[in-house]
Amino acid sequence: MFPLDALLAVALLTSPMEDVDLAGVSERLATVRPTLQALAISLEILDPREVRFLLMRTEDFSGDLKLLQRRYRELAEAPPLHDCMRFPDRALINDLLSFNRAYRQHLDNRQSLEATYWWELREVLQEADRLYQIWDTVRDARCDYYYVTVRRQALKKLKETIGDEAYYSGNLPPHVPVWRFARID
């Protein structure tokens with residue numbers, strides 16, 4: 001990686017998409033490809049598995065560059081991928097989500113049998129669905145076989161959903177609305 005290549009790669013990635021006109025110069029930028037790919041990987045806007053087909057063909061270079069520029073802008077506020085380690089692993093999340101769906105099914109059954117509590121049960125169903133969405137987003141962030149960009153988008157969505165304080169302290173809401181459970185003594 002030459003310093004000039006690195007500087008050009010940064011300029012290409014960070015410049016506004018409409019400002020970059022690569023008509024006729026894509027083949028001249030072939031020497032920058034490895035540097036651009038390495039930079040995109042380090043910025044977590046390109047998954048290492050995508051290197052095989054992004055920025056590889058000269059005729060696709062302009063389109064691929066615009067894709068990376070769009071990802072750079074979309075993920076600018078997204079937390080880094082290592083943030084997902086503050087949350088439970090995917091196997092535990094799957095168990096929690098299974099319980100959430102079983103609880104939701106229980107509420108559905110109750111709703112059809114207990115018409116007098118229909119509105120209250122509907123509210124609890126909505127709470128369970130909202131909690132499911134939060135935990136499903138955490139599962140997406142913890143899914144190792146998803147591309148880096150998908151996982152970072154999930155982290156960004158999670159941070160926006162639960163708020164900065166809860167996100168950075170790793171305090172997730174419960175997977176079901178436990179405040180609705182009746183205490184049995």
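Observations
- Evaluation of Tyr117 against the conditions (1) at pLDDT 95 or above; (2) open to solvent by 40 Å² or more (accessible area, probe 1.4 Å); (3) part of a helix (DSSP H, G or I) shows that the sole unmet condition is (1).
- Checking Ala78 against (1) part of a helix (DSSP H, G or I); (2) over 15 Å from Val178 (Cβ atoms); (3) of a type outside the set (D, E, K, R); (4) at pLDDT 95 or above, the condition it does not meet: (1)
- Breaking point among (1) open to solvent by 60 Å² or more (accessible area, probe 1.4 Å); (2) modelled with pLDDT of 95 or more; (3) of a type in the set (A, V, I, L, M), for Ala154: (1)
- Those residues of the stretch 170-185 which are outside any loop (DSSP other than H, G, I, E, B), loosely packed, with under 12 Cβ neighbours inside 10 Å and in contact with a helix residue (DSSP H, G or I) (Cβ under 9 Å, 6 or more places away or on another chain), in sequence order: Trp179
- So Gln126, is it more than 30 Å from Arg52 (Cα to Cα), among the polar types (S, T, N, Q) and in contact with a helix residue (DSSP H, G or I) (Cβ under 9 Å, 6 or more places away or on another chain): no
- Considered as a group, the residues in the stretch 72-91 that are without any contact (Cβ under 8 Å) to a residue 40 or more places away in the chain and closer than 17 Å to Ile41 by Cβ include one that is most open to solvent (accessible area, probe 1.4 Å), and that residue is His82.
- Qualifying residue in the stretch 147-169 (condition: in a loop (DSSP other than H, G, I, E, B) and under 12 Å from the mean Cα position of the chain (by Cα)): yes
- Only one of the listed residues (Ser98, Ser112) is loosely packed, with under 12 Cβ neighbours inside 10 Å and at pLDDT 95 or above. That residue is Ser98.
- Among the conditions (1) more than 27 Å from the chain's Cα centre (by Cα); (2) of a type in the set (Val, Ile, Thr); (3) crowded, with 18+ Cβ neighbours inside 10 Å, Thr31 misses just one, which is (3).
- A residue that is aromatic (Phe, Trp, Tyr), open to solvent by less than 80 Å² (accessible area, probe 1.4 Å) and part of a helix (DSSP H, G or I) can be found somewhere in the stretch 56-69.
- Residue identified as basic (Lys, Arg) and farther than 20 Å from Gly163 by Cβ among Arg90, Arg130, Arg86, Arg139: Arg90
The values are calculated or read from the model by the stated rules, or taken from the named source; none is laboratory data. As the structure is a prediction and not an experimental result, all values here were calculated from the model. Neighbour counts are summed over all protein chains in view; Cβ atoms, including those assigned to glycine, are modelled from backbone coordinates with ideal geometry. Just so you know, the surface numbers come from the protein's heavy atoms only, side chains and all, with ligands and any DNA or RNA stripped out. Shrake-Rupley method; radii C 1.70, N 1.55, O 1.52, S 1.80 Å.
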